[in-house]
Amino acid sequence: MADSSHAHSQQMSPADAGSDSQDTNNQGHVFQPPQPLSQPATVGIATEPTQAFYYPPQQYGSVTDPATVISPQQYYYAQQASQVGNPSVDNQQVYYVPQLLQQPGWTADSTANNLYWQQQFSNPNHAAYSQYTPAHNQHPAPDSIQEAQSPDLQFKQPPLLSSEEVTTRHMSSPQAVPQPGAKNDMKKWKRFWPRSNDYMQRFQDNLKDKFSGNSGHRGFRRVYLPTERMNDQDSDSDAGPTGESKVVYRIGTAEAEDIDDLGKVHKVDGKLTYLNQFHQRTRKFLDVAVYLSPTRSTPRRLIVQATDHVIKTRLDRGDWIRTKVRGSAPLVLAMSEWALSPFQTHGFWSKTKGACRLFVVAIPVQILLALPFLGKYDEDDTVTDTYTDYPGYYWEWPKYAVNELDMSPAALEKHSEGYKKSLSVAKRAARPRLLYAKVNGEWKTIEGDSFENSTRRYIFISYMWNMFPNADGAEKAHDLARSITEHEGFDAYWMDRELVNKNSPAETDYDVYTLCDTVRGSAKVCLMMDKDGTTQRLDWGSRMWTLMEGLLAPGDYITYCFRDPEGQLVTRNIGKIEMTASFWRVHDSEYTDDKEAVRILAEHYANVLTLSRLELLPATITALSTKQRAEFTGSDLAYAVMGFLHYRIERHKETTVFQNLARLSLGNDSDELAERMLCLLPKPSDKDIFETLSERDEYGTFLHHITPQCQVVGVAHEDETVILDSCRAIHIRWKDFPRATVQRDVGLGKMLAVFFLAFGIWWLLFGIEMSLAYIPYFAGFVDLAADGKSDVGWVVAGFLFVGLLLSAPSPFSVRRLFGGTVLKSTPNLVGFEGVMPIAQLEKIVFGNAEGRLTYAPSATPFSREHRENYERRGTEPLWIDNPESALDDLKAKKLLPSDRHQLFTLVDMGELTVTIFAAERPPTVALLCGKEGGMLRAVLCSWRFETDCLYRETVIRMPTRVWEVAEPKGWLKLCLRSQDDYRRRESLMKQ
């Protein structure tokens, strides 16, 4: 059913309907249908004002347009609310073609293409019907303005733009048989207007085509399409209810995700819209993995070159197209290496074979070198200085921004409303709203923030509800709290038992999320327990809110109180640092980096240790996240952290923990915490991203070791996603290796090689020319003395001999021309799936192996065990030669983050380094966001065009020189999770 929000409507009263029915000139009259409807139960004349909407049937052209089959076209609407089965569309009536409703055996299309009108009634027990003859023969193309002339309703339909979301719903229809010739007419219509297919059907057909698992040709290369099904390794974690693997596409599980929720869907062809950096709109099907073309600035299907092992064994993994690894070495160099390859092995026959090959390729190599477009070896003028740019730009407004001008006007107004409220949690509470106080010898509740009570000192009672359950427990808790208050010499206390208003959401938020101010404003904090014991202490210390109460307590200690077996009150003081060994104790077997955060905070708030701004926020988040909490808002962790900071935020129901923590980080002087967080490579865990900030990452570095080189300017609408600016971006090429353009050294060897090649071809061509010129003399056509013939023959033979002699070593000369020390190379990042020996890789890239490429010594965690002892150079891992067991070896050594990760190789043709890394999918963009230890942190990202979002697949380290030859970028959307991990979390949240 079409969405009525996109239609133009007009009111019609019953009186108008009756007057029209008496007018025979306009052919409109009320009549009884040819036969009673099977549904609904009652059919009568509508007695209430109606509202009609018209959508052209061509918009849903997967079935024959009834207007081309039935004449005259009589439309009427019938009660269908009981048939829909969807409460959101109750009391809606739909127009049907009478002839279709009359004929038994006709089956309605499953996409509800026969629904042209909808009618709204306040009384669901009535329906109406009328005759209507639209001018179908005047219909233009589907995207243009449609007009409908009716005696009952006169209106003009506004255009249905491609960006508008017009949806349909399935509604059951009485059955009928099609008219003769309808099937042939439908085929003709589809033939001349292919867009007549339903957009969802076109979308599904495209998915089946692109995930067929077949192989084909793209240009002159053989490509392998991905398959629909996961392999057995993946099906263990993502299996369906019956245990069998699901069909998984790049948009997520096909049965759990709708393309209407992914972007702006064009409802005619099923494609999604992308807006590039030039504000140009392009449409593309959502199917296999994509990348943003640096030359066209449009999304293109990603073709990943892969090794033979990957092609044979792992085609069932991933949603990207694969092809075999291919280089672009010069033809003359390839021929020369073919001729010289037998000389690398020992033996007489190998040398003989090589000599024969030399004479076979000597002349062709000379000829090819003479051609300017094939034999060019000096490429100094074509070497560029910068990496290939990533042409991305995000056009939408962020959800929250550092500067108010970077937020949409509507969002800014909504965002500012919370700060204007009297009970705003973003403001500090000078005094608690209510207190328990002893007034005239009687304990009662008073207004703690009133002027007359503004100087009344109070103590803060911290306790666990489960120690004082039900009503009897509440009375015992108050009795003990009053005894403690009087024992400490006060006449007022605050306890959340009844002082937090549970009936007013605004007051509840204010009382809970300004709890930090209530603690700080108290004279002292007293911990109240029903009895003293290890269980009671650890139980109190295991809660998130009690940790905040203990750390923010005034002074260096708190008082814990209980009654002994005789009922006497016992009070003892304990320092905050001492509490880490009792109340906040962590067993040695459970000790990790994150568990140390509580101890560090205790020392900081006891004035023993001073934490920097950058250290305080990560330690606070980590310490609170390790404690138990009962979630009330889904973001309680963020609001508890807020109590430790200067600037606070207003609570919004639709925000996530990450968004709130990011807002706190951006709003406070946290020394660019969010920017540093982008560059971390967290260890595999189930924790949220902010909860790992106090831990070492995969490189053994802490957050404060990183110096940011970018700026986070806002928080996106999606979870765990930010808007990034001032970074530098590099496009990663995956389809093949481009021609290596390098600047080489010029030495004596290269000069001799040029001499042999130039003079060899000169002598050879001159000898051939003389032979052709003196053919008439040798053939006897021209008289020449015998001695003259002999002399000419020796001269010609001499030229040919010298030419052949100089041409024979041409393969050696070619190797020298294209070899030597590389002084400068055009920077490019090129990747392929899998691993291969570096000598084989260099031959693909440059045409031969001369030790130009080296392994990056400290680029990824794999480099830790593969480095030379005395020089800062990487070594080749042993498992490179055995790719069949490489993944198993890495899993055994716990170097592979998960079973879903695969091995990829990245070749930096500017630095001439090779980096092996693990990721779930091939990244297409490298973002330079920070640096540490003399190396840049490059965030390798994949990309989805329907959301225009980059996803952090992994983080590698690159030389500092790369920063100067990369292009700066602004306003990019970056998700801090991998693309597959983000989809898995979304799927779990939906479940």
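Quick one: what does P(r) look like for the range 428-587 with 5 Å bins over all Cα pairs, in whole %?
2, 9, 18, 23, 22, 15, 8, 3, 0, 0
What list of ³J(HN,Hα) values in whole Hz, one per residue of the range 394-411 in order, does the Karplus curve 6.51 cos²θ - 1.76 cosθ + 1.60 (θ = phi - 60°) give from phi, with Gly and Pro shown as x?
Couplings: 9, 8, 7, 6, x, 6, 9, 9, 5, 9, 4, 5, 8, 10, 5, x, 5, 5 Hz.
Mind scanning K210/K399; K399/K683; K444/K653; K502/K683 and naming the pairs with a C-alpha gap bigger than 32 Å?
Cα-Cα > 32 Å for K210/K399; K444/K653; K502/K683; rest within.
Restricting to Cα atoms and excluding each atom paired with itself, what does the Kirkwood estimate give for the range 285-329 in Å?
Evaluated on the range 285-329, it is 11.9 Å.
Please label the shape of the range 661-719 as rounded, prolate or oblate, based on the square roots a ≥ b ≥ c of the eigenvalues of the alpha-carbon gyration tensor (a/c under 1.5 means rounded; beyond that, a/b larger than b/c means prolate, else oblate).
It comes out oblate by the Cα gyration axes.
Quick check on packing: order 331-341, 888-898, 716-726 by the mean number of other C-beta atoms within 10 Å, highest mean leading.
716-726, 331-341, 888-898
Tally up the carbon and sulfur contribution to the accessible surface of the range 428-587 as a whole percent, 1.4 Å probe, everything protein left in place.
C and S atoms contribute 47 percent here.
Highest mean first, what order results for 905-918, 603-616 on Cβ atoms within 10 Å?
Numbers: 905-918: 21.9, 603-616: 15.5.
Top of the packing list down: 905-918, 603-616.
Leaving out ligands and nucleic acids, note down the accessible area per residue over the range 428-587 with a 1.4 angstrom probe, in whole Å². Please list the in-between numbers first.
Values: 7310 Å² over 160 residues.
Each residue of the range 428-587 exposes 46 Å² on average to a 1.4 Å probe.
If you roll a 1.4 angstrom probe over the protein chains with everything in place, what fraction of the accessible area of the range 690-737 belongs to carbon and sulfur, to the nearest %?
Working: 540 of 1400 Å².
The nonpolar share, carbon plus sulfur, comes to 38 percent.
Charges only on Cβ, +1 for Lys and Arg, -1 for Asp and Glu: so what's the dipole of the range 431-538 about the Cα centre, in debye to the nearest 20?
Taking the Cα centre of the range 431-538 as origin, the dipole is about 260 debye.
Pull up all non-local amide H partners of V223: gap of 5 or more, or a different chain, and H-to-H distance under 5 Å with H placed in the peptide plane.
Amide H neighbours of V223: G216, H217, R218.
Ranked highest first by average number of other Cβ atoms within 10 Å, how do 595-602, 617-624 line up?
617-624, 595-602
For the range 884-974, rounded, prolate or oblate, judged on the Cα gyration tensor with a ≥ b ≥ c (square roots of eigenvalues), a/c < 1.5 rounded, else prolate if a/b > b/c? All intermediate terms of the calculation are to be shown ahead of the outcome.
Numbers: a/c = 2.17, a/b = 1.33, b/c = 1.64.
The shape class here is oblate.
From the phi angles alone, apply the Karplus equation (6.51, -1.76, 1.60; θ = phi - 60°) to the range 908-924 and give each ³J(HN,Hα) in whole Hz, x where the residue is Gly or Pro.
With the stated coefficients, the range 908-924 comes to 8, 7, x, 8, 6, 10, 10, 10, 9, 9, 10, 7, 7, 8, x, x, 10 Hz.
Work out from phi, with θ = phi - 60° and the Karplus expression 6.51 cos²θ - 1.76 cosθ + 1.60, the ³J(HN,Hα) of each residue of the range 682-698, listed in order in whole Hz, and give x for Gly and Pro.
x, 6, x, 6, 8, 6, 6, 4, 5, 6, 9, 5, 8, 9, 6, 8, 5
Compute the Cα gyration tensor for the range 488-532, then decide on rounded, prolate or oblate, letting a ≥ b ≥ c be the square roots of its eigenvalues: rounded whenever a/c is under 1.5, prolate when a/b is larger than b/c in the other cases, and oblate in all that remain.
Working: a/c = 2.23, a/b = 1.63, b/c = 1.37.
Because a/c hits 1.5 or more and a/b exceeds b/c, the range 488-532 counts as prolate.
Mind listing which trypsin sites (Lys or Arg not before Pro) in the range 491-549 are in a DSSP loop and have 13 or fewer other Cβ atoms within 10 Å?
When the trypsin sites (Lys or Arg not before Pro) of the range 491-549 are filtered for loop state and at most 13 Cβ neighbours within 10 Å, K502, K531 remain.
The values are calculated or read from the model by the stated rules, or taken from the named source; none is laboratory data. The structure displayed is predicted, hence computed values, not measured ones. Note that we place each Cβ from the backbone using ideal geometry, even for glycine, and neighbour counts take in every protein chain shown. Please note that ligands, DNA and RNA were not included when accessible areas were found on the heavy atoms of the full protein model with its side chains. Shrake-Rupley method; radii C 1.70, N 1.55, O 1.52, S 1.80 Å.
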